[in-house]
Amino acid sequence: MLDKNIVRVAVPVPLRRCFDYRLPEDISARTLKPGMRLWVPFGRSQVMGIVDEVGVEPSIAPGKIKAAIKTLDETPILNKPLVWLCRWASQYYHHPLGEVYHSALPVYFRQDKDVVLKESRVWQLTEQGLQVDQLPKNAVRQTELLQYLREYPLGQSDEQLKQALGQYKSSLKSMENKGWVQQIVVKDDVDESGLESALDLNKAQEVAVEEICRYQDEFTAFLLYGVTGSGKTEVYLQVIQAVLTAGKQVLILVPEIGLTPQLLQRFSRRFAVPITVFHSGLSNGGRAQNWLQASTGRARIIIGTRSAVFACLQNPGLIIVDEEHDVSFKQQDGFRYSARDLAIVRARHEKIPIVLGSATPSLESMVNADEGRYTLLDLPERAGDAVHPDMHLIDLRHQKLDEGLSPVLIKHIHQHIEREGQVLLFLNRRGYAPTLLCHDCGWVGNCQRCDAHMTLHHASGQLRCHHCGTERRVDRHCPDCGSVDLRPIGQGTERTEEALKRHFPDVRIARIDRDTTRRKGEMERKLKQAESGEDQILLGTQLLAKGHHFPNVTLVAILDSDQGLFSADFRGGERMSQLILQVAGRAGRAEKSGEVLIQTHHPDHALLQYAIKQDYRVLTRALLEERQLVQWPPYSHLALLRAESTQRNKPMQFLREAAEKARLLSSNSQLMLLGPVPAPMEKRAGRYRAQLLLQAGERADLHNLLSCWLNEVEALKSSSTVRWSLDVDPQDMF
Ligand code: ADP
Ligand code: ZN
Ligand code: ZN
């Protein structure tokens, strides 16, 4: 029987069920709504739960039901559409609802604390500050602040300054004392003077903007497929303008924190509305404030990484997913959701348009467009006067290489630098060398906790495992035979930088990888400097491939394209092609024309041949044909059951039993079981890993099976001997 005083609550535990609580007398059932936070006892502690249903039939003996302690909200912190989205995600990813709610909400809200939106304050240059033109050479920080604030006429919050510049407080203080900066309270209608105006669109952009704007109050998914530099961002900006004019909010998802300041800047120069950001670099308090900015409707534009797909919006009008092909939209542990896919589901539910933008759309999205589920919008040409770069392969066979650099490449670098171009070199391996080898006995520096070599980091004199983080000092002697003839094998960015310094002693070289950008604000600073053209050679990892705009770059080279060509993952070819075209897109973005060189030992490889023709369409067609032949996604649907344990045999044993259960349940559906097999890197961080892949032609078959199967898997005795997790639509098979 329904009892109006029993509520079903989602608590943050890894159990795929909710828990019942009785309402104490001082909480009226009438005031409780799904999406509110409730403080409840759990085990021996107390936790924040989210009300899922009010007035339910108790699922356990009424005498055993505990009483809730108090409510934390007067109105639901998660509004109806968001509650709906979380429930949907919990079902689709077969993940505990309590954990879904908790990953949706900022950590701050897990505490027994009030949530109030504070006034937002920003720092701005004063009239006097704007007049300052030269500071003493040693006032580095102040100069930096001055320059930075000049770019943000509407001001920057403490949080934003910290994000962009790291340590800044004392410099800001002295500038405040001099009367150069002031802190002001942000008003909702900001001054419109000094804003940039919209560009005149070219024909293709115009068509795209018109198409999207036709669908302001209904769901439509657009795939904005535009080569790098074709002006996708300008399309976003003009569509956003229309949505803002209609009084609604816009949510923009980007793949990487590093891209938010850049977009933020571009947006705040264009729109006189409050903009807020969501990403992992924020403090807990800051994140909570930004959440409230979005949920109260004060912020009109919300820019964020993956988790921002759960931003609670008061009045959404449009969602944009920029660089939609990027793998970072998929969470790779815990609650493994795809922010891009959830964004589509969300837009459909909220009845608003969504735009997926990319120069290299995922194969899934290309097929969705081909089959009419997405409306394709094409931007085939670069905007303004920029033209496509020339692309060539450098055949490395029989060539004498200097630390991975071919003579042809070195010659080209010289030429471009002489003509005052900027050079961008990619090598997707940080560190000095991927392996250290003893030339006398063959000893190799392996990680003891992983099936992997440790990377040599010369500057710090360490061997580091890039998979588990283990670090070890490098001995002068081989640990096995005592020889001193230890040789670094292969190239990392640190080593290439050394070689470049030798070849170009008078040239400014900047290395940009995770090792050189660890400090807060360092990435921003390096990118700024790179953009300004001060550094003539930029050497970096994939970090540099994403969305950045370097107007002076005329030569881009990919130093080692071979690693991606023979990947064990069926998505390897797609990823490699995307990387090449994205990287190539960094060349010749402005008035200077560009050249792209790709070093390879396999110049005849079909993927490279397609890539240099820069025809992503033809390339995707070839890749899709392969996928169709072997029935990989998007021609089938996958779920991956992973297990790991410190004992080698446990994961396989558990997965074998799980596979048996699946076989019994799926006897009459079109379902394939692949495995179980040990993971491609079996041992990682001291744990042995194995996996079982489920493949189905129809999504519904897969999900029907998963629903019953997981209950049986949970009930297996062996399930408690391993750590296991389910990955629906896995992106990464390792
Ligand atoms: P994408 O996001 O597609 O890589 P961007 O939007 O960053 O491209 O545009 C690339 C460059 O082209 C930018 O410098 C931008 O200001 C410029 N641009 C975009 N649209 C136009 C246009 N219609 N006319 C002139 N320049 C444009
Ligand atoms: Zn040795
Ligand atoms: Zn390791």
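Worth a mention:
- For region 14-24, the Karplus equation 6.51 cos²θ - 1.76 cosθ + 1.60, evaluated at θ = phi - 60°, returns couplings of x, 10, 7, 7, 9, 10, 8, 9, 8, 7, x Hz by residue, with Gly and Pro reported as x.
- Net length gained if the chain between HIS549 and ASP217 were fully extended (0.36 nm per residue, minus Cα distance): 116.2 nm
- Packing, taken as the mean count of other beta carbons within 10 Å per residue, orders the peptides 600-607, 692-699 from highest to lowest as 692-699, 600-607.
- C-alpha center-to-center spacing [region 396-432, region 223-262] in angstrom: 34
- Sorting the Cα pairs of region 121-185 by distance into bins of 5 Å, from 0 upward, gives 4, 19, 35, 29, 11, 2, 0 percent per bin.
- Volume per residue of the convex hull around the Cα atoms, evaluated for region 3-110, comes out as 99 Å³.
- Set of lysines with alpha-carbon distance to LYS661 below 18 Å, sequence-local pairs under 8 removed: LYS650, LYS717
- Pairs exceeding a 22 Å alpha-carbon distance, out of LYS203/LYS232; LYS33/LYS66; LYS178/LYS526; LYS248/LYS528; LYS137/LYS526: LYS178/LYS526; LYS248/LYS528.
- THR646-ASN138 pseudo-label distance in nm [points 7 Å out on the Cα-to-Cβ vector]: 5.5
- Taking Cβ separations below 4.7 Å as the criterion for a possible disulfide partner, the isolated cysteines in the chain are CYS18, CYS86, CYS213, CYS312, CYS468, CYS708.
- Local net charge near HIS503, Cβ-Cβ under 12 Å (Lys/Arg +1, Asp/Glu -1): -2
- With R₀ set to 30 Å, the beta-carbon distance separating ASP112 from GLU25 gives a calculated FRET efficiency near 0.90.
- Net charge of neighbours whose Cβ lies under 12 Å from the Cβ of SER90, counting Lys and Arg as +1 and Asp and Glu as -1: +1
- Net charge over other residues, Cβ less than 11 angstrom from the Cβ of GLN582 (K, R count +1; D, E count -1): +1
- Two-site label geometry, ARG44 and ARG699: point separation in nm, points 7 Å out along Cα→Cβ: 4.5
- Stokes-Einstein D for region 655-734, Kirkwood Rh over Cα pairs, 20 °C, 1.002 mPa s (µm²/s): 160
- When shorter helices are ignored and each DSSP H run of at least 4 residues is given -39500 (n - 2.57), the per-residue value for the chain at 222 nm works out to -9500 deg cm²/dmol.
- For the pair region 70-131 and region 468-543, the centres of their Cα atoms are 39 angstrom apart.
- Antiparallel DSSP beta bridges within the chain, percent to nearest 5: 55
- Gain upon complete extension [LYS33, LEU401; 0.36 nm per residue less C-alpha separation]: 125.7 nm
- Across region 414-506, counting alpha-carbon atoms alone, Rg and Dmax equal 15.9, 51 Å.
- Ordered from longest to shortest, the equivalent ellipsoid semi-axes for the chain are 42, 36, 27 Å, each the square root of 5 times a Cα gyration tensor eigenvalue.
- With only Cα atoms counted, region 203-379 has Rg and Dmax values of 14.9, 45 Å.
- Descending principal axes extents, region 491-550, alpha-carbon based, whole Å: 28, 23, 20
A short reminder: the numbers here are calculations on the coordinates, not readings from a lab. Here the structure is a predicted model, which means the values were calculated and not measured. FYI the Cβ positions are ideal-geometry reconstructions off the backbone, even for glycines, and counts take in every protein chain you see.
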